[in-house]
Amino acid sequence: MKFINKTLLFSLFSAVMLSSCGGGAPILSTPIENIDTTPIKEADLTTAEKQNWGHLDLVKDTIPGMSVDKAYAEIIKGKKGQKIIVAVIDSGIDITHEDLDGVLWTNKKEIAGNGKDDDGNGYIDDIHGWNFPGTGYDEQLEYVRLIASGDTSAPRYAEAKAKYDTDYGQALSRKQYYDQVYAKVNDANKVLSAHFKKRSYTAKEVAAIETEDAELKAAIETANLMYSNGMTSLEEGLEQVKGGVEYFTDQVNFNLNKDFKGRKTGDNPNDFNDKSGYGNGNVLPVKKSEAHGTHVAGIIAAERNNGKGANGVANNVEIMSIRAVPNGDEYDKDVAKAIRYAVDNGAKIINGSFGKSFSPHADWVRDAIKYASDKGVVFVHAAGNDGKDVDTAPNFPRR
Ligand SMILES: [Ca+2]
Ligand SMILES: [Ca+2]
Ligand SMILES: [Ca+2]
Ligand SMILES: [Ca+2]
């Protein structure tokens, strides 16, 4: 799974709806012993700071970023670097993006679109990387594949079954819940638009309404909940809730659907050597919503100081795009082959912002990471954003 920041959204809306029922969790402050003594900016950030906070420095700018600007201005100033290739194993990358098109790795020994593997690396027409799942997009989670296999003797089968029995029901009820929230916000928006006789209206205008009409009062209450959670309009709220609706709909229909078959490459994912060179050379995301790899590539290498978009951290890298992470759990086979592809084609750093809690062929991935390490390639893997202690909770790849 890609590590996307949806957790925040869900907790936000859970809090919204709980508080509307009179409950709600208290907001906890950071314990004082966990706060260091360096002063943190108390003023609002400027637009430029908001866009660039991640590159700023806690001491110099009083903003807790990565000190990238300081590094360029002071630490590496005047030094000459060596260009290296960074492989991004992710959901594919929008290689047409104007802030990325100048920093892409290109396989110079491969002729595009001739249907031949010109450089003999095992992959036909791989110009900017490789797409292992090909046209595949939606996928099951790994433990759902395990249950679907029916192999009750497989390691962790009982654990997977128990997890499934809990998770499926929960996803179904959350989907229904988000459907309801969406309907509620949508109704409120319609009522208020009709009241104001216009589509857009402000929180101030809503606050000024005086009414005894029950429907309008309910709409105001819903609107106020959205405003108090940082939404500037109900349309913005609807967009956010829609993210939740889509997330849980995908869970029910695909990620947790035992009968779903997402694999499109015609190979056996449980046989490492079945069908070499599967997938295709189109590294673009399959769907527009598949933006995670583009986002990651931008953080690393978005063209710096070109007056467009963002500045990446690195100014002397080429991004190799390897698509291996679908809308669901990535296959160990794809990940292991992706790592090997990156190493064999010159990457020096591999970024893997994915992870999962079941991994039936973890040894293939481990072997690939070892292969990378033996060739001096660094593999960087996300710790995840589920708040899990990955020292103890299973999170793959792992040692
Ligand atoms: Ca460009
Ligand atoms: Ca090739
Ligand atoms: Ca070719
Ligand atoms: Ca830029």
Residues L58, L141 arranged by fewest to most Cβ contacts within 10 Å: L58, L141
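Sort W105, W53 so the one with the fewest other Cβ atoms within 10 Å of its own Cβ comes first.
Numbers: W105 24, W53 15.
In order of increasing Cβ crowding within 10 Å: W53, W105.
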Using the alpha-carbon centroid of each, what span in Å lies between the range 271-323 and the range 353-399? 20 Å
What span do the alpha-carbon atoms of the chain cover on each of the three principal axes, reported in whole Å from largest to smallest? 76, 61, 49
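Provide the FRET efficiency to the nearest 0.05 for the K370-D179 pair, computing r from the beta carbons and using R0 = 56 Å.
On the way: r = 46 Å, r/R0 = 0.83.
Rounded to the nearest 0.05, the efficiency is 0.75.
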Alpha-carbon centroid distance for the pair the range 92-145 / the range 197-219, whole angstrom: 51 Å
Need one number: the % of Cα-Cα pairs in the range 114-268 sitting beyond the 25 Å mark. 56 percent
Which of the GluC sites (Glu not before Pro) across the range 179-215 are loop residues per DSSP, with 10 or fewer other Cβ within 10 Å? E210, E212
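Considering the convex hull of the alpha carbon atoms of the range 132-192, report its projected area averaged over all viewing directions, in nm², one decimal. Intermediate results must be reported in sequence, preceding the final value.
On the way: hull surface 26.4 nm².
Averaged projected hull area, Cα only: 6.6 nm².
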Environment charge of D374, counting only residues whose C-beta is closer than 12 Å and scoring Lys/Arg +1, Asp/Glu -1: +2
Which FRET efficiency value, to the nearest 0.05, do you get for N316 and E49 by plugging their Cβ-Cβ distance into 1/(1 + (r/R0)^6) with R0 = 35 Å? 0.85
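Arrange the following residues from fewest to most other Cβ atoms within 10 Å of their Cβ: D165, D329, D44. Walk me through the intermediate numbers first.
On the way: D165 11, D329 24, D44 7.
Sorted ascending by nearby Cβ count, the order is D44, D165, D329.
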Give, in nm to one decimal, the length gained when the segment between S149 and I84 is fully stretched (0.36 nm per residue of separation minus the Cα-Cα distance). 19.2 nm
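Calculate, for A393 and D119, the FRET efficiency according to 1/(1 + (r/R0)^6) with r their C-beta to C-beta distance and R0 45 Å; round to the nearest 0.05. Mind dumping the intermediate values first?
Details: r = 41 Å, r/R0 = 0.91.
It comes to 0.65.
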Compute the distance in nm between two label points, each set 7 Å from the Cα along the Cα-to-Cβ direction, one at E221 and one at E74. 5.5 nm
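Based solely on its DSSP helices, what 222 nm [θ] is calculated for the chain when runs of n ≥ 4 H residues each add -39,500 (n - 2.57) and the sum is averaged over all residues, nearest 500 deg cm²/dmol? Walk me through the intermediate numbers first.
Values: 11 runs with 145 residues, N = 399.
My calculation for the chain gives -11500 deg cm²/dmol from helical runs alone.
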Chain lengthening between Y157 and R199 when straightened (0.36 nm per residue, less Cα-Cα): 9.9 nm
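Work through the residues other than D57 whose Cβ is under 11 Å from its Cβ and net out their charges, Lys, Arg +1 and Asp, Glu -1. Before the final figure, lay out the partial values.
Details: positive: K60, K70; negative: D61, D69, E74.
That works out to -1.
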Which of Q180, L45, H55 sits farthest toward the positive end of the charge dipole of the chain, with +1 on the Cβ of Lys and Arg and -1 on the Cβ of Asp and Glu? H55
On alpha carbon coordinates alone, what is the Rg over Rh value for the range 208-304, Rh being the Kirkwood radius? 1.20
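Note down the net charge around V317, summing +1 for each Lys or Arg and -1 for each Asp or Glu among other residues with Cβ under 13 Å from its Cβ. Write out the running numbers ahead of the final one.
Numbers: positive: K83, R304, K348; negative: E303, E318.
Within the 13 Å Cβ shell, the charges total +1.
Each reported figure results from applying straightforward, stated rules to the coordinates on display, with no laboratory input. What you are looking at is a predicted structure, and each value in this text was computed from that prediction instead of being measured. Cβ sites come from the backbone with ideal geometry, for glycine too, and all protein chains shown count toward neighbours.
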